[in-house]
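Trainee: Below you will find the structure I want to go over with you.
A short reminder: the numbers here are calculations on the coordinates, not readings from a lab. Fair warning: this is a prediction, and the values are worked out from it, not measured in the lab. Here the Cβ is made from the backbone with ideal geometry for all residues, glycine too, and neighbour counts use every protein chain on show.
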Amino acid sequence: MSNASDDRAGLSRRDMLKSAALAGAALGASGALYPAVAESVTAGSHSDLAPPAPAGAKTMKGVPFERHETVRIAIVGTGLRGRSVLHDFLGCPGVTITALCDNVPEKAQRAAKMVTDAGQAAPALYTDGDRAFEQLVQRDDIDFIHTATPWEWHVPVMLAALKAGKHVSSECPFGMTLKELWDLVDASEKYRRHCLQLENCNYGYNEMLVNRMVHAGIFGEPLHGAAAYLHDLRGIVFEDRDEGLWRRRWHTTNNANLYPTHGLGPVAWYLDIHKGDKFEYMVSMSTEERGLTLYREETVKDKSNPKWQEKYVTGDLNSSLIKTARGRTILLQHDVSNPRPYSRLNALQGTKGVFEDYPARIYVEGQAGGERWGSIDTWKAKFEDPLWTQLGQAARNSGHGGMDYIMAWRTVQCLREGLVPDIDVYDSAAWSAPFPLSEISVAKGSAPVKFPDFTRGNWKA
Ligand SMILES: NC(=O)c1ccc[n+]([C@@H]2O[C@H](COP(=O)([O-])OP(=O)(O)OC[C@H]3O[C@@H](n4cnc5c(N)ncnc54)[C@H](O)[C@@H]3O)[C@@H](O)[C@H]2O)c1
């Protein structure tokens, strides 16, 4: 690595060598020294990796929801995503939307009209400023709150909801720092309410089918997964509305994988993370930042536009490798700044075969036709997830190919029937941890960084 790039990362050569030495030592010392790698890095500290459990803390793993005949739902953030999730909840039996919140009143009103158009009573609206959600969470007619705000509001909304005794979920990322992720774990345990990320991609058709194939042993012993968010968002993040109003800003502050969970959530299910395995450590590296800078040059012709004051620091393509406690590996990538067709990679290699997505294809040792990719279609009759068999027709009219409806329906089912949620606070924290951990590793010259064990030892069962 050149001195110039060391300078860009804000690291002295000595610092880098020290990190490398620590990381090397850590590898030979069963992980004991990994936290040292993260020391003195602003995005994380020793205590963020393993803070002591608060007195009396009890796990939320395996804890069922209480039963609700009707699930009363509130949504905070009724922009594009909030309204899309609202549409799906409105299509589920046994749901009442009781309250909505957005700091832009017209957006809340637009969402409220969707509720009344669906034949429900007008929901209560909270639109008085950035912290109006603090009033919403106090209502006693809410069972579950979903937040689809800009990222910086996910954690404040969830902490307020938990404190007020409400189950709560968010979009990706669940939190942006290790401290935030621990705060969510501790608050969920303290207030005995579920706090989770509603990761729609875990409910995708291919993901659910492949998950069943993995657990039926079709691919043999799982060895390696690949996960990503590779999506050309340049047009969207430069718009003067919706995500363009806030998402680009993260590219001026964090050189990291900013959006890890759409790819990682499903792969975590394939690999039984927190059901006998856990993410152990990761290494990460980023390319230079070029995409947003070039896009601005090409599209923002007026040099007095405030966008010209911005300096983008997020490397275009971030690549990380995660090692699990059982020795499996995961490639995790992020790029929203360059032209390319959409992909979440979504792959799984085992000792007997391999699945790769985009486009979906499967090879299992000994299959007819020899060592060539076969169609996923041949596996559908046997391994299609029963939720898709039951709901596929209705789901296909909803967002993202239907996965959003399956996710909403399943969430409501868990709440109505008093089931353990599919995704808990520990899963959600671990799936978003690559945001801060990739930032630490990139800043430390790709040094290995240990994952916190958010389950505090409860991952083995
Ligand atoms: N799961 C998915 O497939 C998916 C798809 C798109 C977006 N998202 C996620 O959804 C979230 C929202 O994205 P979006 O595309 O809807 O953006 P958006 O800008 O369209 O919507 C965000 C909304 O939050 C409101 N808001 C801002 N601050 C608020 C506050 N303090 N209190 C209440 N409301 C506030 C805004 O006015 C806006 O209406 C983000 O986390 C994004 O990453 C997820």
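Trainee: Taking the highest mean first, how do the peptides 333-344, 300-311, 141-152 order by number of other beta carbon atoms within 10 angstrom per residue?
Mentor: 141-152, 333-344, 300-311
Trainee: Report the Cα centroid-to-centroid distance between the stretch 154-175 and the stretch 253-330 in angstrom, as an integer.
Mentor: 23
Trainee: Would you kindly derive the ³J(HN,Hα) couplings of the stretch 55-63 from the backbone phi angles with the Karplus curve 6.51 cos²θ - 1.76 cosθ + 1.60 (θ = phi - 60°), listing them in order in whole Hz, with x for Gly and Pro?
Mentor: Rounded to whole hertz, the list is 3, x, 4, 10, 5, 9, 5, x, 7.
Trainee: Can you work out the PRE-style zone for Q367? Point 7 Å along Cα to Cβ, and I want the residues of the stretch 378-415 with backbone N under 11 Å.
Mentor: The answer is 378-380.
Trainee: Given H placed 1.01 Å from N in the peptide plane, which residues other than close sequence neighbours of V168 have an amide H under 5 Å from its amide H?
Mentor: Answer set, sorted by chain and number: I145, H194, C195, L196.
Trainee: Calculate, in nm to one decimal, what Q120 and R249 gain on full extension: separation in residues at 0.36 nm each, minus their alpha carbon distance.
Mentor: 42.7 nm
Trainee: Sticking with this structure for a sec: Sort out for me the Cα centre separation of the stretch 44-109 from the stretch 114-152, rounded to whole Å.
Mentor: If we compute the Cα centre of each part, the gap is 10 Å.
Trainee: Same structure, new question: Would you calculate, for the chain, the mean residue ellipticity at 222 nm contributed by helices, counting each DSSP H stretch of 4 or more residues as -39,500 (n - 2.57) and dividing by all residues, to the nearest 500?
Mentor: -10500 deg cm²/dmol
Trainee: Using each residue's phi in the stretch 143-152, evaluate 6.51 cos²θ - 1.76 cosθ + 1.60 at θ = phi - 60° and report the 3J(HN,Hα) Karplus result to the nearest Hz, with x for Gly and Pro.
Mentor: Listing the rounded values in order: 9, 8, 10, 10, 10, 10, 8, x, 3, 5 Hz.
Trainee: Once the Cα gyration tensor of the chain is diagonalised, what are the square roots of 5 times its eigenvalues, in whole Å and ordered largest first, as equivalent ellipsoid semi-axes?
Mentor: Taking √(5λ) for each Cα gyration eigenvalue gives 32, 28, 24 Å.
Trainee: Report the FRET efficiency, 1/(1 + (r/R0)^6), for S375 and R340, where r is their Cβ-Cβ distance and R0 is 35 Å, rounded to 0.05.
Mentor: That gives a FRET efficiency of 0.90.
Trainee: From the C-alpha gyration tensor of the stretch 48-95, pull out the three semi-axes of the equivalent ellipsoid (sqrt of 5λ each), sorted largest to smallest, in whole Å.
Mentor: 32, 19, 8
Trainee: Under 14 Å from the Cβ of D335, count the other residues' Cβ atoms, weight Lys and Arg +1, Asp and Glu -1, and hand me the total.
Mentor: My count for the surroundings of D335 gives 0.
Trainee: Now, a different point. Listed highest first by mean packing, meaning other Cβ atoms within 10 Å per residue, what order do 236-242, 51-57, 132-138, 212-218 come in?
Mentor: 132-138, 212-218, 236-242, 51-57
Trainee: Continuing with the same structure: Highest mean first, what order results for 400-407, 322-329 on Cβ atoms within 10 Å?
Mentor: The densest-packed peptide leads the list: 400-407, 322-329.
Trainee: Cα atoms only: what Rg and Dmax, in Å, come out for the stretch 302-449?
Mentor: Cα only, the stretch 302-449: 20.3, 63 Å (Rg, Dmax).
Trainee: Does a label point 7 Å from the Cα of E66, set along Cα-to-beta-carbon, have any residues of the stretch 184-203 with amide nitrogen under 20 Å, and which are they?
Mentor: Within reach of a label on E66: 187-196.
Trainee: Let me ask something else. What size of dipole, in debye to the nearest 20, comes out for the chain about its Cα centre when the only charges are +1 on Lys and Arg C-beta atoms and -1 on Asp and Glu C-beta atoms?
Mentor: 440
Trainee: Then there's this: If a paramagnetic tag sat 7 Å from the Cα of H224 along the Cα-Cβ line, which residues of the stretch 307-343 would have the backbone N under 19 Å from that point?
Mentor: Label zone hits: 318-334.
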